[in-house]
Structure formats: structure tokens, C-alpha cells
Amino acid sequence: MTRKDADKSAGKSGKKRKSKDSQLILRLDKDERDAFVELCKDMDTSAAREIRGFIRQFLKKNG
């Protein structure tokens, strides 16, 4: 099962998702950004999904 499939099936469990209504703008090196986006594509995920996941884990650990 790919991550996208897991996300889709999680949405069918009746769990309501919060709307995404805010943005965080980052400045980073173009080569790092491009490598990150490409790696995410290779892993069948998105850069935004991975960054959101990082933020959630960071808040859970430190918040």
C-alpha cells in the first residue's frame, strides 16, 4: 500500500480532517529544495505532506 492509498483509506474511517487554511513560507537553497521535492516524488509522497508531518511530530515531542 502506498502512502497515498493509506491516506485515502484513513479518510474513509470517518475521521474528519481539518482544513488547511494557513501557509508557512520558507527560504532555502534551490538545490536542497529540488532534491527534497524529487525524493518525495520517488517515495510517492509530497513535500508539503512530509513538512506537515514533521511539524506535527515536532509539536507532539516539544509542544
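The values are calculated or read from the model by the stated rules, or taken from the named source; none is laboratory data. All figures in this text were calculated on a predicted structure; none of them were measured in a lab. All Cβ positions, even for glycine, are placed from backbone atoms using ideal geometry, and neighbour counts span all protein chains on display.
Pick from Lys12, Lys20, Lys41: which is modelled with pLDDT of 95 or more and of a type in the set (D, E, K, R)?
Lys41
If the Cβ limit is 9 Å and pairs must be 6+ apart or interchain, which residue in the stretch 19-35 that is free of Cβ contacts under 8 Å to residues at least 40 places away in the same chain pairs with which residue that is surrounded by fewer than 10 Cβ atoms within 10 Å (Cβ to Cβ) and hydrophobic (A, V, I, L, M, F, W, C)?
Arg33/Leu26
Could you please find all residues in the stretch 36-53 being free of Cβ contacts under 8 Å to residues at least 40 places away in the same chain and not in a helix (DSSP H, G or I)?
Ser46, the sole residue that qualifies.
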